[in-house]
1. Within region 86-96, can one find any residue that is closer than 19 Å to Ser49 by Cβ and under 10 Å from the mean Cα position of the chain (by Cα)?
2. Given the options Asp81, Asp100, name the one that is charged (D, E, K, R) and over 13 Å from the mean Cα position of the chain (by Cα).
3. When both residues are 6+ apart or on different chains and their Cβ atoms are under 7 Å apart, which pairs have a first residue that lies in region 94-123 and is of a type outside the set (Phe, Trp, Tyr), and a second that is crowded, with 16+ Cβ neighbours inside 10 Å and not in a helix (DSSP H, G or I)?
4. Please name all residue pairs, on different chains or six or more residues apart, with Cβ atoms under 8 Å, provided the first residue is in region 38-64 and is on the phi < 0 side of the Ramachandran plot and the second residue is buried (at least 22 other Cβ atoms within 10 Å of the Cβ) and assigned to a loop (DSSP other than H, G, I, E, B).
Amino acid sequence: MKRLLLLVTVVACTRGEHRDARAKYNAGVGLLAKGDFDGAEKALLEARSNAGVDPELRYRAAYDLGMAYAQHADKVKNDKDKDLAKALELEQQAVSWFGDAVKLRKDSTDAQANLATVRARAA
């Protein structure tokens with residue numbers, strides 16, 4: 001009986017964590033669509049950190065983090081104040097996250113193409 005209770009508790013905790021990570025991911029994607037890059041990056045980082053063993057969520061969060069940082073870099077470069085050091089830092093973050101996405105899904109041509117693009121922009 002104790003083993004069954006322990007098993008039910010573990011499964012319930014795992015499912016809740018999984019749902020929370022997916023909810024954070026969905027929130028991050030919504031913020032990214034609205035152009036709230038800081039909010040999107042925070043939510044997607046949290047989703048990626050809590051994705052556990054969910055390979056699809058780990059890949060999608062890494063990929064979308066690459067998109068968020070790349071778009072954020074574009075915004076910073078196009079601002080009237082043009083903080084190029086900040087833009088370069090954001091591009092390097094995009095390179096890192098697209099690299100992670102490629103490691104997770106080697107056959108992703110989108111992740112590979114975006115990785116090549118942000119690497120060239122950071123260089």
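1. The first filter runs over region 86-96 and keeps only residues closer than 19 Å to Ser49 by Cβ, leaving 93-94, 96.
Right, trim to under 10 Å from the mean Cα position of the chain (by Cα) and you get 94.
Checked against the condition, which is being closer than 19 Å to Ser49 by Cβ and under 10 Å from the mean Cα position of the chain (by Cα), region 86-96 yields at least one hit.
2. Values: Asp100 fails: over 13 Å from the mean Cα position of the chain (by Cα).
Being charged (D, E, K, R) and over 13 Å from the mean Cα position of the chain (by Cα) holds for just one of Asp81, Asp100, which is Asp81.
3. Ala101/Ser108; Val102/Ser108; Ala111/Arg105
4. Leu57/Ala51; Arg58/Ala51; Ala61/Ala51
Here, each number is a calculation from the coordinates, and none is a lab measurement. Fair warning: this is a prediction, and the values are worked out from it, not measured in the lab. In this analysis, Cβ positions are derived from the backbone assuming ideal geometry, glycine residues included, and neighbour counts consider all displayed protein chains.
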